[in-house]
Structures are given as C-alpha cells and as structure tokens.
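Undergrad: A single structure is presented below for examination.
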Amino acid sequence: MGARRIKVSDVCRATGIARATLDRYYYDRVNSFDREVLTKLCDFLQVDPGQLIVKVEQGDLFSDGDEVRLA
C-alpha cells in the first residue's frame with residue numbers, strides 16, 4: 001500500500017476490513033493470517049498472496065523463530 005500510495009482509510013472503506021486489523025497487518029503485528037482478510041487485500045490490490053507475504057529468516061537463537069511479513 002505504501003509503495004502504491006494507497007491510503008489505509010481507502011482500503012478499509014473498499015474492503016470492509018477494520019482499521020485496527022489493517023494496521024496490525026501493515027505494521028507487521030499479526031501472529032497468524034486470516035484467510036478472509038488476505039483474500040480481500042489481494043483482491044483489492046490485485047496481487048497474489050505470495051506478492052503480499054514474505055518469509056524473513058531470524059538468525060537470533062532467542063528470537064520467536066521465523067517471521068512472516070507483509071511485503
């Protein structure tokens with residue numbers, strides 16, 4: 001969304017996704033991904049899930065493990 005300069009409020013209005021939910025996704029604060037939310041985001045942005053989510057390897061032994069982030 002940032003790369004396309006799309007306002008969060010426009011995405012909320014167009015998809016019906018709550019602002020708080022979208023903020024969690026945007027700022028990488030989700031622990032698991034909701035299929036319905038991802039589907040709405042992919043449809044709105046006209047992308048595949050693989051273009052939206054990337055896996056980030058964590059090298060620190062004391063971290064939470066692998067993280068998945070929105071691209």
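Values quoted throughout were computed directly from the atomic coordinates according to the rules given, and no laboratory measurement underlies them. Just so you know, these numbers come straight off a predicted model, no measurement behind them. Virtual Cβ from ideal backbone geometry, glycine too; neighbours counted across all protein chains shown.
Undergrad: Which whole-Hz couplings ³J(HN,Hα) result when phi for each residue of the range 34-48 is put into the Karplus expression 6.51 cos²θ - 1.76 cosθ + 1.60, θ = phi - 60°, listed in order with x for Gly and Pro?
TA: 8, 4, 5, 5, 4, 4, 4, 5, 4, 4, 5, 7, 6, 9, 8
Undergrad: Also, I was wondering about something else. Order by neighbour count: 9, 32, fewest other Cβ atoms within 10 Å first, most last. Spell out each step's value before the answer.
TA: Numbers: 9 10, 32 5.
Exposure proxy ranking, most exposed first: 32, 9.
Undergrad: Let me ask you something else. Starting with the fewest neighbours, write out 56, 37, 30 ranked by other beta-carbon atoms found within 10 Å of each beta-carbon. Show your work: numbers first, answer last.
TA: Numbers: 56 9, 37 18, 30 15.
Arranged by neighbour count, lowest to highest, 56, 37, 30 become 56, 30, 37.
Undergrad: Now, a different point. Full extension from residue 30 to residue 18: what is 0.36 nm times the residue separation minus their Cα-Cα distance, to one decimal in nm?
TA: 2.9 nm
Undergrad: Once phi is turned into ³J(HN,Hα) by the Karplus curve 6.51 cos²θ - 1.76 cosθ + 1.60 with θ = phi - 60°, what whole-Hz value does each residue of the range 10-18 show in order, with x for glycine and proline?
TA: Coupling constants for the range 10-18: 5, 5, 4, 5, 6, 9, x, 6, 4 Hz.
Undergrad: Continuing with the same structure: Please give me, ordered by residue number, the trypsin sites (Lys or Arg not before Pro) of the range 13-55 that lie in loop per DSSP and have at most 11 other Cβ atoms within 10 Å. The partial results should precede the final answer.
TA: Working: sites: 13, 19, 24, 29, 35, 40, 55; in loops: 29.
Hits after loop and neighbour filter: 29.
Undergrad: Once amide H atoms are placed 1.01 Å from N in the peptide plane, what residues at a sequence separation of 5 or more from residue 53, or on another chain, have their amide H within under 5 Å of its amide H?
TA: 71
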